[in-house]
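Let me begin by presenting the structure, written as structure tokens, before commenting on it.
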Amino acid sequence: MTHLDQAVTDAGGITLRYGGFYGAANDGLIGPVRKRQFPVVGDGSGVSSFIHLDDAAAATVLALEHDGPCIYNIVDDEPAPMREWLPVLASALGAKPPRHIPTWFARLVVGEGLVMMTESRGASNAKAKRELAWTPRFPSWRQGFLEAYSRPGSASIAA
């Protein structure tokens, strides 16, 4: 990613680093979370940043109107450890709480991809908010998950 960021900014462009997308009916996390196939790994300390699809689209439009070169993190205001966000997502989906598995076991199953679940650290959107005059409609995944997945007609209806 660093190489791509550098290539884009060297050419005078803008790089947008999006958080984990949510809000679509075909969101890849919906099925595994509902089936309790997406566990909290270890102590759940890997920090994730999220972004609702509508907020990502709004930031993208603003970035298209902005001069480069620049790199922006397009994420909500609240990076959070897995042990916090995953149970909230499960609840919003009407699912049972996620299982917990030890890191050593997850490493056998997932391999190198485990780093995102155990060692990630989240991102700040302060620069995007300041320079693009962008304000996410869903400043926290807490409200965003509920809005996207708990209401009738929301993505939580999709199987």
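For the range 93-132, the Kirkwood estimate of the hydrodynamic radius, built from every pair of different alpha carbons, is 13.2 Å.
Taking the inverse of the mean 1/r over every pair of distinct Cα atoms in the range 37-81 gives a Kirkwood hydrodynamic radius of 12.7 Å.
Here r is the Cβ-Cβ distance between GLU131 and LEU29 and R0 is 41 Å; the resulting FRET efficiency, rounded to 0.05, is 0.85.
About its Cα centre, the chain has a charge dipole of approximately 780 debye under the convention of +1 per Lys or Arg Cβ and -1 per Asp or Glu Cβ, with nothing else charged. Roughly what % antiparallel, to the nearest 5, for the DSSP beta bridges in the chain? The answer is about 15 percent antiparallel. The alpha-carbon positions of the range 1-140 define a convex hull whose volume is 110 Å³ per residue.
Calculated translational diffusion coefficient of the range 70-139 (37 °C, 0.692 mPa s; Stokes-Einstein with Kirkwood radius over alpha-carbon pairs) equals 226 µm²/s.
With a/c under 1.5 counting as rounded, go ahead and sort the range 3-52 into rounded, prolate or oblate using the C-alpha gyration tensor (a ≥ b ≥ c being the square roots of the eigenvalues; past the cut-off, prolate if a/b is larger than b/c, else oblate). The shape class here is prolate.
First measure r as the distance between the Cβ atoms of VAL115 and GLN143, then evaluate 1/(1 + (r/R0)^6) with R0 = 25 Å and state the FRET efficiency to the nearest 0.05. Calculated value: 0.35.
Subtracting the Cα-Cα distance of LEU62 and TRP104 from 0.36 nm times their residue separation leaves 10.8 nm of extension gain.
Tell me, which longest segment in the chain has none of the trypsin sites (Lys or Arg not before Pro) that fall in DSSP loops with at most 13 further Cβ atoms within 10 Å? Free of exposed loop sites, the longest segment is 37-98.
Any read-out appearing in this document is the output of simple, stated calculations on the displayed coordinates, not a laboratory observation. Since the structure is predicted, the reported quantities are computational estimates derived from the model, not experimental observations. Heads up, the Cβs are rebuilt from the backbone with ideal geometry, glycines too, and the neighbour counts pull from every protein chain shown.
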